[in-house]
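The values are calculated or read from the model by the stated rules, or taken from the named source; none is laboratory data. Computed from a predicted structure; not experimentally measured. Methodologically, a virtual Cβ is constructed for each residue, glycine included, from the backbone with ideal geometry; neighbour enumeration extends over all protein chains shown. Ligands, DNA and RNA are stripped out before the accessible areas are found, and what is left, the full protein with its side chains, is counted by its heavy atoms. Shrake-Rupley method; radii C 1.70, N 1.55, O 1.52, S 1.80 Å.
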Amino acid sequence: MDKMPKWADVILTPLISLILAMAISALVILAIGESPWMALKTMVTGALGSSYGWGFTLYYTTNFIFTGLAVAVAYHASLFNIGGEGQAMIGGLGVALICLALPWPHWGVALPAAMIGAALFGAAWAFIPAILQAKRGSHIVITTIMFNFIAAALLNYMLVNIMRPQGSQDPATARFPAGAHLPQLSEMAAGIGIEWGKNTPVNITFFIALIACILVWLLIWRTRLGYEIRALGRSEPAALYAGISPVRITVIAMLISGGLAGLMAINNVMGEAERLVLNAVEGAGFIGIAVALMGRNHPFGVLLAALLFGFLYQGGGELALWTTIPRELIVVIQALVILFTGALDNMVRMPLERIFLALRKKGRA
(Lines give C-alpha, C1' and ligand atoms only; values in the text may rest on other atoms or scores of the structure.)
Protein backbone atom coordinates (compact mmCIF):
# COMPACT_ATOMS: atom_id res chain seq x y z
CA MET A 1 0.00 0.00 0.00
CA ASP A 2 1.23 3.50 -0.88
CA LYS A 3 2.39 5.54 2.08
CA MET A 4 0.46 8.57 0.85
CA PRO A 5 -2.21 9.28 -1.79
CA LYS A 6 -1.21 9.74 -5.41
CA TRP A 7 -2.52 13.32 -5.46
CA ALA A 8 -0.26 14.21 -2.55
CA ASP A 9 2.77 12.77 -4.33
CA VAL A 10 1.99 14.52 -7.63
CA ILE A 11 0.64 17.85 -6.36
CA LEU A 12 1.25 18.44 -2.66
CA THR A 13 4.92 17.40 -2.48
CA PRO A 14 6.08 19.58 -5.42
CA LEU A 15 3.92 22.46 -4.16
CA ILE A 16 5.52 22.42 -0.71
CA SER A 17 8.97 22.11 -2.32
CA LEU A 18 8.18 25.13 -4.49
CA ILE A 19 7.04 27.17 -1.49
CA LEU A 20 10.26 26.32 0.35
CA ALA A 21 12.33 27.32 -2.71
CA MET A 22 10.48 30.62 -2.97
CA ALA A 23 10.93 31.27 0.75
CA ILE A 24 14.71 30.78 0.46
CA SER A 25 14.69 32.98 -2.66
CA ALA A 26 12.94 35.71 -0.68
CA LEU A 27 15.70 35.56 1.93
CA VAL A 28 18.32 35.90 -0.83
CA ILE A 29 16.50 38.96 -2.22
CA LEU A 30 16.36 40.47 1.28
CA ALA A 31 20.08 39.82 1.70
CA ILE A 32 20.89 41.96 -1.35
CA GLY A 33 18.75 44.81 0.00
CA GLU A 34 15.66 44.41 -2.19
CA SER A 35 12.01 43.78 -1.40
CA PRO A 36 10.80 40.20 -2.06
CA TRP A 37 7.23 41.45 -2.37
CA MET A 38 8.15 44.00 -5.06
CA ALA A 39 10.23 41.37 -6.86
CA LEU A 40 7.32 38.92 -6.88
CA LYS A 41 4.90 41.63 -7.98
CA THR A 42 7.21 42.65 -10.84
CA MET A 43 7.60 39.06 -11.98
CA VAL A 44 3.87 38.30 -11.85
CA THR A 45 2.94 41.53 -13.62
CA GLY A 46 5.63 41.09 -16.26
CA ALA A 47 4.88 37.44 -16.98
CA LEU A 48 1.14 37.17 -16.39
CA GLY A 49 -0.22 40.72 -16.16
CA SER A 50 -0.73 41.34 -19.87
CA SER A 51 -1.17 39.47 -23.13
CA TYR A 52 2.36 40.56 -24.03
CA GLY A 53 3.76 38.88 -20.91
CA TRP A 54 1.61 35.79 -21.45
CA GLY A 55 2.85 35.58 -25.04
CA PHE A 56 6.47 35.25 -23.95
CA THR A 57 5.61 33.02 -20.98
CA LEU A 58 3.79 30.56 -23.27
CA TYR A 59 6.62 30.70 -25.79
CA TYR A 60 9.14 29.56 -23.16
CA THR A 61 6.60 27.08 -21.79
CA THR A 62 6.36 25.45 -25.23
CA ASN A 63 10.11 24.85 -25.31
CA PHE A 64 10.11 23.36 -21.82
CA ILE A 65 7.15 21.07 -22.54
CA PHE A 66 9.04 19.33 -25.34
CA THR A 67 12.30 18.95 -23.42
CA GLY A 68 10.46 17.96 -20.23
CA LEU A 69 8.51 15.26 -22.08
CA ALA A 70 11.77 14.04 -23.62
CA VAL A 71 13.31 13.53 -20.19
CA ALA A 72 10.11 11.99 -18.81
CA VAL A 73 9.77 9.31 -21.51
CA ALA A 74 13.37 8.18 -21.06
CA TYR A 75 13.00 8.25 -17.27
CA HIS A 76 10.11 5.78 -17.39
CA ALA A 77 12.57 3.32 -18.96
CA SER A 78 15.06 4.10 -16.15
CA LEU A 79 17.17 6.18 -18.55
CA PHE A 80 18.39 9.64 -17.56
CA ASN A 81 18.57 11.47 -20.87
CA ILE A 82 20.35 14.76 -20.27
CA GLY A 83 21.13 15.16 -23.95
CA GLY A 84 18.00 17.16 -24.74
CA GLU A 85 20.12 20.26 -25.40
CA GLY A 86 22.11 18.57 -28.16
CA GLN A 87 19.08 16.73 -29.54
CA ALA A 88 17.19 20.02 -29.81
CA MET A 89 20.18 21.61 -31.58
CA ILE A 90 20.31 18.84 -34.15
CA GLY A 91 16.53 18.94 -34.45
CA GLY A 92 16.94 22.59 -35.42
CA LEU A 93 19.39 21.54 -38.11
CA GLY A 94 16.75 19.16 -39.46
CA VAL A 95 14.14 21.94 -39.47
CA ALA A 96 16.49 24.30 -41.32
CA LEU A 97 17.40 21.75 -43.98
CA ILE A 98 13.73 20.97 -44.60
CA CYS A 99 12.58 24.60 -44.67
CA LEU A 100 15.40 25.73 -46.99
CA ALA A 101 15.06 22.77 -49.33
CA LEU A 102 11.90 23.92 -51.14
CA PRO A 103 9.92 27.09 -51.82
CA TRP A 104 7.09 25.98 -49.57
CA PRO A 105 3.68 27.22 -50.76
CA HIS A 106 2.01 27.25 -47.32
CA TRP A 107 2.91 26.65 -43.69
CA GLY A 108 0.34 23.85 -43.55
CA VAL A 109 2.55 21.89 -45.94
CA ALA A 110 5.89 22.98 -44.48
CA LEU A 111 4.98 22.29 -40.83
CA PRO A 112 4.43 18.49 -41.06
CA ALA A 113 7.62 18.12 -43.12
CA ALA A 114 9.60 20.22 -40.63
CA MET A 115 8.18 18.24 -37.70
CA ILE A 116 9.31 14.99 -39.32
CA GLY A 117 12.76 16.48 -39.95
CA ALA A 118 13.07 17.79 -36.37
CA ALA A 119 11.94 14.51 -34.81
CA LEU A 120 14.13 12.34 -37.06
CA PHE A 121 17.27 14.42 -36.49
CA GLY A 122 16.67 14.59 -32.73
CA ALA A 123 16.02 10.85 -32.58
CA ALA A 124 19.11 10.14 -34.69
CA TRP A 125 21.23 12.12 -32.21
CA ALA A 126 19.85 9.99 -29.37
CA PHE A 127 20.38 6.72 -31.26
CA ILE A 128 24.13 6.28 -30.69
CA PRO A 129 23.97 6.89 -26.90
CA ALA A 130 21.02 4.48 -26.81
CA ILE A 131 22.93 1.74 -28.64
CA LEU A 132 26.01 2.30 -26.49
CA GLN A 133 23.88 1.95 -23.35
CA ALA A 134 21.92 -1.07 -24.60
CA LYS A 135 24.77 -3.01 -26.22
CA ARG A 136 27.93 -1.89 -24.41
CA GLY A 137 26.71 -0.70 -21.04
CA SER A 138 28.05 2.83 -21.59
CA HIS A 139 26.16 5.02 -19.14
CA ILE A 140 23.54 7.14 -20.85
CA VAL A 141 24.37 10.19 -18.71
CA ILE A 142 28.00 10.26 -19.86
CA THR A 143 27.26 9.67 -23.54
CA THR A 144 24.45 12.23 -23.74
CA ILE A 145 26.64 14.85 -22.03
CA MET A 146 29.35 14.19 -24.61
CA PHE A 147 26.85 14.39 -27.46
CA ASN A 148 25.67 17.82 -26.25
CA PHE A 149 29.17 19.18 -26.86
CA ILE A 150 29.52 17.35 -30.16
CA ALA A 151 26.16 18.78 -31.30
CA ALA A 152 27.30 22.32 -30.43
CA ALA A 153 30.55 21.87 -32.38
CA LEU A 154 28.74 20.33 -35.36
CA LEU A 155 26.15 23.10 -35.46
CA ASN A 156 28.86 25.75 -35.25
CA TYR A 157 30.72 24.13 -38.17
CA MET A 158 27.57 23.86 -40.28
CA LEU A 159 26.51 27.45 -39.71
CA VAL A 160 29.94 29.01 -40.18
CA ASN A 161 31.22 26.93 -43.08
CA ILE A 162 28.31 25.44 -44.98
CA MET A 163 24.88 26.97 -44.37
CA ARG A 164 25.80 30.64 -43.91
CA PRO A 165 24.70 32.75 -46.90
CA GLN A 166 27.53 34.10 -49.04
CA GLY A 167 28.66 37.53 -47.88
CA SER A 168 26.99 37.26 -44.48
CA GLN A 169 29.07 37.61 -41.31
CA ASP A 170 26.32 36.22 -39.09
CA PRO A 171 26.71 32.50 -38.24
CA ALA A 172 23.14 31.69 -39.21
CA THR A 173 21.21 30.32 -42.15
CA ALA A 174 19.24 32.40 -44.61
CA ARG A 175 15.67 33.23 -43.63
CA PHE A 176 13.15 30.55 -44.40
CA PRO A 177 10.72 31.05 -47.31
CA ALA A 178 7.54 32.99 -46.59
CA GLY A 179 5.54 29.79 -47.01
CA ALA A 180 7.32 28.33 -43.98
CA HIS A 181 6.15 31.15 -41.69
CA LEU A 182 4.15 29.69 -38.80
CA PRO A 183 1.13 31.69 -37.63
CA GLN A 184 1.67 33.52 -34.36
CA LEU A 185 -1.07 33.27 -31.76
CA SER A 186 -1.43 37.05 -32.06
CA GLU A 187 -2.19 36.63 -35.77
CA MET A 188 -4.69 33.87 -35.04
CA ALA A 189 -6.38 36.06 -32.41
CA ALA A 190 -6.48 39.01 -34.81
CA GLY A 191 -8.23 36.77 -37.33
CA ILE A 192 -11.22 36.55 -34.99
CA GLY A 193 -11.08 40.22 -34.03
CA ILE A 194 -9.13 39.93 -30.76
CA GLU A 195 -5.94 41.86 -30.04
CA TRP A 196 -3.77 39.50 -27.99
CA GLY A 197 -0.04 38.93 -27.58
CA LYS A 198 1.09 41.45 -30.16
CA ASN A 199 4.85 41.31 -30.90
CA THR A 200 5.34 38.05 -29.00
CA PRO A 201 6.89 34.86 -30.45
CA VAL A 202 4.31 32.34 -29.19
CA ASN A 203 2.94 30.48 -32.17
CA ILE A 204 0.92 27.46 -33.23
CA THR A 205 3.65 25.17 -31.86
CA PHE A 206 2.12 25.73 -28.41
CA PHE A 207 -0.88 23.65 -29.44
CA ILE A 208 1.41 20.98 -30.86
CA ALA A 209 3.12 20.82 -27.46
CA LEU A 210 -0.26 20.32 -25.74
CA ILE A 211 -1.08 17.52 -28.19
CA ALA A 212 2.33 16.00 -27.45
CA CYS A 213 1.41 15.88 -23.74
CA ILE A 214 -1.74 13.93 -24.55
CA LEU A 215 0.06 11.57 -26.93
CA VAL A 216 2.82 10.85 -24.39
CA TRP A 217 0.20 10.10 -21.74
CA LEU A 218 -1.53 7.69 -24.12
CA LEU A 219 1.80 6.11 -25.04
CA ILE A 220 3.02 5.53 -21.48
CA TRP A 221 -0.24 4.45 -19.81
CA ARG A 222 -2.47 3.18 -22.60
CA THR A 223 -0.26 1.17 -24.97
CA ARG A 224 1.65 -2.08 -24.85
CA LEU A 225 4.88 -0.25 -25.67
CA GLY A 226 4.29 2.10 -22.75
CA TYR A 227 3.78 -0.87 -20.45
CA GLU A 228 7.05 -2.39 -21.66
CA ILE A 229 8.86 0.91 -21.10
CA ARG A 230 7.52 1.17 -17.54
CA ALA A 231 8.21 -2.50 -16.84
CA LEU A 232 11.84 -2.12 -17.88
CA GLY A 233 12.13 1.04 -15.79
CA ARG A 234 10.79 -0.70 -12.69
CA SER A 235 12.80 -3.94 -12.95
CA GLU A 236 14.98 -5.22 -15.77
CA PRO A 237 14.98 -8.84 -14.45
CA ALA A 238 11.18 -8.79 -14.28
CA ALA A 239 11.01 -7.32 -17.80
CA LEU A 240 13.30 -10.08 -19.08
CA TYR A 241 11.14 -12.70 -17.37
CA ALA A 242 8.08 -11.21 -19.13
CA GLY A 243 9.81 -11.52 -22.51
CA ILE A 244 10.61 -7.83 -22.91
CA SER A 245 13.88 -7.04 -24.68
CA PRO A 246 15.86 -4.41 -22.72
CA VAL A 247 17.92 -3.57 -25.81
CA ARG A 248 14.84 -2.92 -27.95
CA ILE A 249 13.00 -0.89 -25.31
CA THR A 250 16.11 1.14 -24.42
CA VAL A 251 16.63 2.12 -28.04
CA ILE A 252 12.94 2.85 -28.70
CA ALA A 253 12.54 4.93 -25.52
CA MET A 254 15.62 7.00 -26.39
CA LEU A 255 14.48 7.48 -29.98
CA ILE A 256 11.13 8.80 -28.76
CA SER A 257 12.90 10.97 -26.20
CA GLY A 258 15.30 12.41 -28.77
CA GLY A 259 12.46 12.99 -31.21
CA LEU A 260 10.50 14.99 -28.62
CA ALA A 261 13.56 17.11 -27.81
CA GLY A 262 14.13 17.69 -31.53
CA LEU A 263 10.54 18.87 -31.97
CA MET A 264 11.33 21.85 -29.74
CA ALA A 265 13.10 23.36 -32.76
CA ILE A 266 9.73 23.89 -34.47
CA ASN A 267 9.01 26.54 -31.86
CA ASN A 268 12.29 28.43 -31.64
CA VAL A 269 13.79 27.88 -35.11
CA MET A 270 10.76 27.79 -37.40
CA GLY A 271 8.25 29.68 -35.29
CA GLU A 272 10.34 32.45 -33.70
CA ALA A 273 13.66 33.10 -35.47
CA GLU A 274 12.54 31.74 -38.90
CA ARG A 275 16.15 30.72 -39.45
CA LEU A 276 18.72 28.61 -37.62
CA VAL A 277 21.12 30.55 -35.38
CA LEU A 278 23.77 29.59 -32.86
CA ASN A 279 22.56 28.99 -29.31
CA ALA A 280 18.94 28.80 -30.45
CA VAL A 281 18.17 26.26 -27.70
CA GLU A 282 19.30 28.63 -24.91
CA GLY A 283 19.54 25.96 -22.23
CA ALA A 284 16.00 24.63 -22.64
CA GLY A 285 17.35 21.08 -22.84
CA PHE A 286 18.76 21.34 -19.33
CA ILE A 287 15.67 23.10 -17.96
CA GLY A 288 13.69 20.13 -19.27
CA ILE A 289 15.39 17.95 -16.64
CA ALA A 290 14.03 20.16 -13.84
CA VAL A 291 10.62 20.31 -15.53
CA ALA A 292 10.40 16.50 -15.67
CA LEU A 293 11.57 16.10 -12.07
CA MET A 294 9.12 18.65 -10.76
CA GLY A 295 6.30 17.25 -12.90
CA ARG A 296 6.96 13.73 -11.55
CA ASN A 297 7.53 12.58 -15.17
CA HIS A 298 3.80 12.80 -15.85
CA PRO A 299 2.71 14.79 -18.95
CA PHE A 300 0.23 16.89 -16.96
CA GLY A 301 2.86 17.58 -14.32
CA VAL A 302 5.36 18.45 -17.06
CA LEU A 303 2.87 20.95 -18.49
CA LEU A 304 2.43 22.68 -15.12
CA ALA A 305 6.16 22.68 -14.36
CA ALA A 306 6.93 24.04 -17.86
CA LEU A 307 4.46 26.85 -17.23
CA LEU A 308 6.21 27.64 -13.94
CA PHE A 309 9.62 27.82 -15.59
CA GLY A 310 8.17 29.84 -18.46
CA PHE A 311 6.92 32.26 -15.82
CA LEU A 312 10.37 32.36 -14.18
CA TYR A 313 12.08 33.06 -17.51
CA GLN A 314 9.75 35.87 -18.57
CA GLY A 315 9.33 37.25 -15.05
CA GLY A 316 13.09 37.17 -14.59
CA GLY A 317 13.59 39.23 -17.72
CA GLU A 318 11.13 41.83 -16.45
CA LEU A 319 12.81 41.80 -13.05
CA ALA A 320 16.18 42.60 -14.61
CA LEU A 321 14.61 45.31 -16.79
CA TRP A 322 12.64 47.22 -14.17
CA THR A 323 14.61 46.67 -10.95
CA THR A 324 18.23 46.59 -9.83
CA ILE A 325 17.94 42.87 -9.07
CA PRO A 326 20.38 41.04 -11.38
CA ARG A 327 19.06 38.61 -13.99
CA GLU A 328 21.31 35.93 -12.52
CA LEU A 329 19.08 35.81 -9.45
CA ILE A 330 16.50 33.97 -11.55
CA VAL A 331 19.11 31.28 -12.15
CA VAL A 332 19.45 31.06 -8.37
CA ILE A 333 15.66 30.68 -7.99
CA GLN A 334 15.61 28.00 -10.70
CA ALA A 335 18.46 26.21 -8.95
CA LEU A 336 16.58 26.31 -5.65
CA VAL A 337 13.46 24.90 -7.31
CA ILE A 338 15.54 22.09 -8.80
CA LEU A 339 17.29 21.51 -5.46
CA PHE A 340 14.07 21.19 -3.45
CA THR A 341 12.09 19.21 -6.06
CA GLY A 342 15.00 16.94 -6.90
CA ALA A 343 17.90 16.50 -4.51
CA LEU A 344 15.93 17.39 -1.36
CA ASP A 345 12.70 15.69 -2.40
CA ASN A 346 12.77 13.29 0.57
CA MET A 347 13.04 16.21 2.96
CA VAL A 348 9.42 17.03 2.09
CA ARG A 349 8.20 13.56 1.13
CA MET A 350 9.18 11.68 4.30
CA PRO A 351 7.37 14.00 6.78
CA LEU A 352 4.29 13.93 4.52
CA GLU A 353 4.39 10.13 4.43
CA ARG A 354 4.52 10.02 8.22
CA ILE A 355 1.56 12.41 8.45
CA PHE A 356 -0.59 10.38 6.04
CA LEU A 357 0.35 7.11 7.77
CA ALA A 358 -0.65 8.60 11.12
CA LEU A 359 -3.97 9.83 9.67
CA ARG A 360 -4.61 6.39 8.16
CA LYS A 361 -3.96 4.64 11.48
CA LYS A 362 -6.16 7.14 13.30
CA GLY A 363 -8.95 6.52 10.81
CA ARG A 364 -8.76 2.75 11.45
CA ALA A 365 -8.78 3.16 15.23
Would you be so kind as to identify all helices of the chain, as entire DSSP H runs, whose Cα atoms reach 20 Å or more along the helix's own axis and whose mean Kyte-Doolittle hydropathy is at least -1.0? 13-31, 51-76, 84-101, 107-131, 140-157, 205-222, 246-265, 299-322, 345-364
Please compute the net charge surrounding Thr62, taking Lys and Arg as +1 and Asp and Glu as -1 over other residues with Cβ under 15 Å from its Cβ. -2
Given unit charges at Cβ for Lys, Arg (+) and Asp, Glu (-), the dipole magnitude of the chain about its Cα centre in debye, nearest 20, is 1300
Over segment 280-329, equivalent-ellipsoid semi-axes from the Cα gyration tensor in Å: 24, 11, 8
When the charge dipole of the chain is computed with +1 on Lys and Arg Cβ and -1 on Asp and Glu Cβ about the Cα centre, the Cα farthest towards its positive end, among Gly33, Ala113, Phe147, belongs to Phe147
For segment 1-90, what does the alpha-carbon gyration tensor say about shape, rounded, prolate or oblate, given a ≥ b ≥ c as the root eigenvalues, a/c under 1.5 as rounded, and a/b over b/c as prolate? oblate
Highest to lowest packing among 307-320, 347-360, 202-215, scored as the average C-beta count within 10 Å: 307-320, 202-215, 347-360
With the cut-off at 1.5 for a/c, could you classify the chain from its C-alpha gyration tensor as rounded, prolate or oblate? oblate
If the only charges are +1 at each Lys and Arg Cβ and -1 at each Asp and Glu Cβ, what is the size of the charge dipole of segment 165-274 around the Cα centre, to the nearest 20 debye? 520
Give the shape of segment 290-365 as rounded, prolate or oblate, defined through the alpha-carbon gyration tensor: a ≥ b ≥ c are the square roots of its eigenvalues, a/c under 1.5 means rounded, and otherwise the shape is prolate if a/b is larger than b/c and oblate if not. prolate
How far apart, in nm, are the 7 Å Cα→Cβ label points at Leu40 and Ala178? 4.9
Under a plain spin-label model, where a point goes 7 Å from the Cα along Cα-to-Cβ, how far apart in nm are Ile214 and Leu30? 4.6
Filtered pair list for the chain (Lys only, Cα < 29 Å, 8 or more apart or interchain) has a length of 5
Quick one: length gained pulling Ala343 to Leu359 fully straight, 0.36 nm per residue minus the C-alpha distance? 3.1 nm
Give me the percent of the accessible area of segment 53-309 that comes from carbon and sulfur atoms, probe 1.4 Å, all protein chains in place. 66
For segment 180-280, convex hull volume per residue from C-alpha positions, Å³: 132
Return one whole number: the accessible area per residue of the chain in Å², for a 1.4 Å probe. 47
Using 0.36 nm per residue, how much length does the chain from Ser50 to Leu225 gain when fully extended, once their Cα-Cα distance is taken away? 58.8 nm
If the chain between Leu102 and Glu236 were fully stretched, how many nm would it gain, using 0.36 nm times the residue separation less the Cα-Cα distance? 43.6 nm
What is the distance, in nm, between label points placed 7 Å from the Cα along the Cα-to-Cβ direction at Ile19 and at Phe300? 2.1
Evaluate the relative contact order of segment 53-309 (contact order divided by residue number), counting alpha-carbon pairs under 8 angstrom at least 6 apart; express in whole percent. 42
